[in-house]
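As structure tokens, the structure follows; a few thoughts come after it.
The values are calculated or read from the model by the stated rules, or taken from the named source; none is laboratory data. Everything quoted here is computed from the prediction, not taken from an experiment. Cβ placement follows ideal geometry from the backbone for every residue including glycine, while neighbour counts extend to all protein chains displayed.
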Amino acid sequence: MNGARATPAHVVSNGRAREASRALPEEVPVALVYNGTTQAVMMATPCDLEDFGRGFTRTEGLGEVDSLEVVTHPKGIEVQMWLPDDRAEALAARRRAMAGPVGCGLCGIDSLEQAERDLPRVTRDVVLTAAQVAEAMTALRAGQHLHDRTRAVHGAGFYQPGVGLGTVREDVGRHNALDKMIGAVGVADAGAAVLTSRVSVEMVQKCAMADIPVILAVSAPTTLAVKTAEAANITLAALARDHTFELFTHPSRIETLTTPAKDAPDVA
């Protein structure tokens with residue numbers, strides 16, 4: 001599946017209508033199934049689903065899957081995965097039934113405490129220049145081929161100094177795009193997650209679980225995302241457009257020419 005489908009439409013301009021066709025992103029139920037039991041059902045774009053399964057498994061703290069198979073059904077798709085017995089038992093002990101709309105990343109949690117789950121501190125490290133931050137954001141935009149066709153999906157990429165943006169994954173859900181990227185990258189060397197979306201707490205949580213030390217994003221973070229990134233030892237740079245961005249946590253990983261002045265006024 002290529003993730004998009006041509007859909008008939010009428011284009012209206014200056015009161016005149018004409019028939020046309022518009023490529024729209026596909027959105028289907030994707031069940032994430034472990035050892036024969038459904039753990040989550042997410043609305044997702046039906047491409048790169050093996051990456052999605054592996055990335056979701058990693059960011060949920062379930063480790064690595066032993067094997068994986070994508071099975072298409074009339075009403076949706078199953079990503080069937082098998083975990084080692086000890087992991088499967090731990091998963092069964094905290095079973096969640098999740099129905100995840102594309103805008104939600106914390107659906108199905110059992111308690112308020114799970115919304116701010118304990119996270120490991122990131123141990124990998126990488127240093128970027130300001131020019132490399134701009135390069136990463138530009139490369140992500142150039143690598144969003146499904147977005148170019150549909151104008152309706154998010155993207156997540158993985159940038160490494162000296163390598164560039166080697167991996168880009170897209171989905172109607174920003175969390176899904178990040179999981180797909182993490183699944184595709186695997187246990188690669190240190191680098192930066194590059195995002196088209198705002199940075200909410202669950203995006204930071206996923207990067208912490210994947211041991212990604214830097215997040216670069218087009219849009220702004222939430223206050224809880226900043227708090228979580230600070231605690232997880234993640235550098236968070238957001239509102240990155242052209243050659244301007246704002247650093248919120250652990251700025252030492254981004255080389256800049258000047259030090260921000262103290263007591264500077266808030267940026268509107």
Within segment 153-211, work out how many residues are in a strand (DSSP E or B), without any contact (Cβ under 8 Å) to a residue 40 or more places away in the chain and small (Gly, Ala, Ser).
4
Selected residue [touching a helix residue (DSSP H, G or I) at 6+ places or on another chain (Cβ under 6 Å) and surrounded by fewer than 24 Cβ atoms within 10 Å (Cβ to Cβ)] from Thr222, Thr235, Thr249, Thr196
Thr249
Please indicate, with yes or no, whether at least one residue in segment 95-106 is among the β-branched types (Val, Ile, Thr), modelled with pLDDT of 95 or more, under 18 Å from the mean Cα position of the chain (by Cα) and outside the structural domain of Arg169 (by TED's automatic domain parsing).
no
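With under 18 Å from Thr150 (Cβ atoms) and surrounded by fewer than 21 Cβ atoms within 10 Å (Cβ to Cβ) as the only criterion, which of Glu27, Glu78, Glu64, Glu19 stands out?
Matching residue, one of Glu27, Glu78, Glu64, Glu19: Glu27.
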Just give me the residues in segment 118-142 being surrounded by 20 or more Cβ atoms within 10 Å (Cβ to Cβ) and small (Gly, Ala, Ser), in sequence order.
Ala136
Residues located in segment 132-152, provided they are among the aliphatic types (A, V, I, L, M) and in contact (Cβ under 8 Å) with a residue 24 or more places away in the chain
Val133, Ala134, Ala136, Met137, Ala139, Leu140, Leu146, Ala152
Just give me the residues in segment 30-63 being of a type in the set (Gly, Ala, Ser) and part of a helix (DSSP H, G or I), in sequence order.
Gly53, Gly55
Note on segment 145-184: residues more than 13 Å from the chain's Cα centre (by Cα), more than 11 Å from Pro25 (Cα to Cα) and surrounded by 19 or more Cβ atoms within 10 Å (Cβ to Cβ) are Tyr159, Gln160, Leu165
